[in-house]
Amino acid sequence: MTHRIAIVTGASSGIGAQTAIRLAKDFDGIVLVARRGELLGQIAGEIQGVGGAAYTIVADLHQPAAAEDIVRQAIGRFGQIDALVNVAGAVPQMNVLQMTDQQWDDSMQVKFHSARRLAVHAWPYLMQTRGSVIFLSGTAAENPKPASAAIASINAAINALAKAFAEQGIQDGVRVNAVLPGPIWTDRRKAFLEKSAVASGDAQEEISRKMLAQFGIERYGEPSEVAELIAFLLSEQARFITGTAIRIDGGEVKGI
C-alpha cells in the first residue's frame, strides 16, 4: 500500500492531463481515466519518466457501470483512495434551441452522473483516508448564455451536487470543493476557434481577440494554472477548506 493515491478523470488532455501530471509531485500514485488510451499512455509515461507511479484505465464514463469498475481497479492496484478529481465531460456548445434531448442526456451522463457515481463509489475509501473530492464546474454556471445553456445548466447542477457532498463530508471526514475555470486555452477551445474562423471567414486571431474582449480579460488561462489550484485544494494547506466553489477565470466574473 502506498501513501497517497489520486484518481483523475479526463486525464488524457487539457486540464485533466495537467492535473494528473501536477498531482504526481504530491501523490504516490495517480489513476488516470479517459476514453483515449493512446493519449492516456503518453501522460502516464510522462509521470513515470519523473519517477511517479501511474495506472491507466480506459473507460467510457457514459456507461453507469464504469464508475464502480474504476474504483475497484484503483483499490486493486493501490489499496486506497485519497483524492478524486472529476474533470471529464465535454459538453456541446450549442444554442439552447438547437440541442436535442439525446445531446442533453449524453452531456448529463458524462459530466454530471459520472462524477456523482464516482464520488458515491469512492466515498467509503475516502472516509478511510479522510480524503478529498474535486468537482470541476465552470464560470458558465454563474453567467448562462443561449449558446452555452447546456454547460451552464450542468455546471450549476455540479455546484449543487458538490455542496451536498460537502455537507455529507463534514460528518464523514471527506473534504469536497468545486473549481470553476473560466476561459482556458485547451485543445477544445482551439478547435472552437478554428470552427468559428471557417464559419465566419475571419482570422482566428481576430475571433480570439473579440472573445477575450467579451470576457473582459487579457488572456486565456492555462490548464497548468487550474492544476495548481486543484493541487492546493487537495493539500494539507487547504485542510480547513471545504464546501466552496472557487473561480479561476482571470476576472471574467467579478464576484467580490
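Here are a few things to note about the model shown:
- Relative contact order of the chain, pairs being alpha-carbon contacts under 8 Å that are 6 or more residues apart, as %: 19
- Residues considered: Q48, Q237, Q168. Largest GNM mean-square fluctuation over the chain, using C-alpha springs under 10 Å, is found at Q237.
- For segment 208-222, Karplus couplings with θ = phi - 60° (6.51, -1.76, 1.60), whole Hz, Gly/Pro x: 4, 4, 5, 5, 4, 5, 4, 6, x, 10, 8, 7, 7, x, 9
- Label zone at K145 (point 7 Å along Cα-to-Cβ), backbone N below 20 Å, segment 98-112: 98-100
- A203 versus R36: modelled label distance in nm, points set 7 Å from Cα along the beta carbon direction: 2.8
- Taking the inverse of the mean 1/r over every pair of distinct Cα atoms in segment 1-101 gives a Kirkwood hydrodynamic radius of 13.9 Å.
- For peptides 72-78, 15-21, sequence by mean Cβ density within 10 Å, most packed first: 15-21, 72-78
- Burial ordering of H62, H3, fewest other beta-carbon atoms within 10 Å first: H3, H62
- Nearest-ten-degree value, helix 14-23 long axis tilted from longest Cα axis of the chain: 30
- Other-chain or far-sequence residues with amide H under 5 Å of G243's (modelled H): V176, N177
- Helix 114-129 vs. the chain, principal-axis angle (Cα, 0 to 90°, nearest 10): 30
- Tilt relative to the chain, helix 187-200 - C-alpha long axis, 0 to 90 degrees, to 10: 10
- Least to most buried among K111, K190, K163, K254 (fewest other Cβ within 10 Å first): K254, K190, K163, K111
- Lysine pairs within the chain, Cα separation less than 19 Å, 8 or more sequence positions apart or different chains: 6
- Computed 3J(HN,Hα) for segment 144-150, one whole-Hz value per residue from the Karplus formula 6.51 cos²θ - 1.76 cosθ + 1.60 where θ = phi - 60°, is x, 10, x, 6, 10, 4, 5, glycine and proline marked x.
- When the chain is treated as a GNM with alpha-carbon contacts under 10 Å, the residue of D28, D187, D106 showing the greatest mean-square fluctuation is D187.
- For segment 240-254, backbone phi angles converted through the Karplus equation (6.51, -1.76, 1.60; θ = phi - 60°) give residue-by-residue couplings of 9, 10, 7, x, 10, 10, 10, 7, 9, 9, x, x, 4, 9, 8 Hz, Gly and Pro being listed as x.
Each value in this text was obtained by applying a stated rule to the coordinates, not by laboratory testing. Remember, predicted model here, so these are calculated numbers, not experimental data. Positions of Cβ are generated from backbone atoms using ideal geometry, with glycine treated the same way; all protein chains shown enter the neighbour counts.
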